[in-house]
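Asker: Encoded as structure tokens, here's the structure I'll be asking about.
The values are calculated or read from the model by the stated rules, or taken from the named source; none is laboratory data. Here the structure is a predicted model, which means the values were calculated and not measured. Glycine also receives a Cβ, built like all others from the backbone with ideal geometry; neighbour counts cover every protein chain displayed. These accessible areas exclude ligands, DNA and RNA; they are computed on the full protein's heavy atoms, side chains included. Shrake-Rupley method; radii C 1.70, N 1.55, O 1.52, S 1.80 Å.
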Amino acid sequence: MSVATKLKRLAVLTSAATVAMTVVTATPASAEVIPFPVSFAVTGNTVVKKTGSTMNLGPGTLAGNLLVNDETGEVGLSADLSLPPSQANISLVSGLFKIKATVKVIPLGPATGTLADSTLTTHAKANMEISNIWVGLLSPVIPLPTVPGACKTKTPIDLNLVAKDIDIFSPITISADYTIPEFTNCWVADLALGALVSGPGNTINLTLTPNTTS
């Protein structure tokens with residue numbers, strides 16, 4: 001069954017649940033949460049405030065369930081986000097000094113959220129892992145030593161993403177401001193990453209496109 005068909009069934013169910021709330025029932029039934037499987041293709045980008053550099057994200061996937069309370073009509077979300085490694089390119093000193101690195105966003109558990117009044121609100125935690133760091137004048141040709149899987153944020157990144165006035169049958173753009181924590185186990189790059197990347201005011205924008213099949 002296509003995602004579009006499932007979402008249409010979801011819309012009918014939530015509408016029916018809303019109408020049911022206006023009807024007086026003699027014996028209230030216990031609520032049941034009904035999962036509706038959904039799957040989205042994910043693309044987007046993030047901008048690091050300190051350097052102004054943009055890093056593309058994806059293509060990845062967001063797959064899980066919309067969770068409908070059949071008594072209240074409330075809709076929740078629980079889904080797993082998967083993104084491939086991305087390449088970050090940073091230019092400093094008017095472009096004379098170049099840095100490139102492989103960046104991987106590693107989710108810590110599923111993304112959760114709610115869908116209410118055409119607004120999708122989600123929360124996720126993730127570590128940012130960095131490897132393959134290269135630096136140099138005009139071109140990044142000097143490698144900095146890192147241990148694979150070791151160089152990452154000291155604490156998880158908190159992502160609270162919001163999309164307003166959404167149409168669940170169409171691509172959804174969801175965005176947030178977020179803080180990048182300090183890094184650890186990056187050897188000589190610890191201080192450099194902290195100075196160049198860590199801090200508040202970074203932005204992330206993701207486009208969620210419903211897959212035709214789940």
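Asker: Can you confirm whether region 184-204 contains a residue that is touching a helix residue (DSSP H, G or I) at 6+ places or on another chain (Cβ under 6 Å), aliphatic (A, V, I, L, M) and closer than 22 Å to Ala79 by Cα?
Answerer: no
Asker: Scan region 158-172 and give yes if some residue there is touching a Leu at 6+ places or on another chain (Cβ under 6 Å), closer than 20 Å to Gly58 by Cα and part of a strand (DSSP E or B), otherwise no.
Answerer: yes
Asker: Among the listed residues Pro148, Pro59, Pro84, identify the single one that is part of a strand (DSSP E or B), over 19 Å from Ser198 (Cβ atoms) and open to solvent by 40 Å² or more (accessible area, probe 1.4 Å).
Answerer: Pro59
Asker: Name the residue, out of Ile130, Ile142, that is out of contact with any Phe, Trp or Tyr (no Cβ under 6 Å at 6 or more places or on another chain) and more than 19 Å from Ile106 (Cα to Cα).
Answerer: On inspection, the qualifying residue turns out to be Ile142.
Asker: Look at Leu67 and say whether it is of a type in the set (A, V, I, L, M), open to solvent by 50 Å² or more (accessible area, probe 1.4 Å) and at pLDDT 95 or above.
Answerer: The answer is yes for Leu67.
Asker: Now, a different point. Could you please tell me which pairs satisfy a Cβ distance under 8 Å, a separation of 6+ or placement on different chains, a first residue in region 168-183 that is farther than 10 Å from Gly199 by Cβ, and a second residue that is assigned to a loop (DSSP other than H, G, I, E, B) and among the polar types (S, T, N, Q)?
Answerer: Phe183/Ser198
Asker: In region 134-145, what count of residues is obtained for those that are open to solvent by 70 Å² or more (accessible area, probe 1.4 Å) and in a loop (DSSP other than H, G, I, E, B)?
Answerer: Count: 3.
Asker: Here's something else I'd like to know. Output yes when any residue across region 183-197 is part of a loop (DSSP other than H, G, I, E, B), closer than 21 Å to Met55 by Cβ and open to solvent by less than 20 Å² (accessible area, probe 1.4 Å), and no when none is.
Answerer: yes
Asker: Which of the numbered conditions does Ser175 fail, given that it passes all the others? Conditions: (1) open to solvent by 30 Å² or more (accessible area, probe 1.4 Å); (2) over 20 Å from Val47 (Cα atoms).
Answerer: Every listed condition holds for Ser175 apart from (2).
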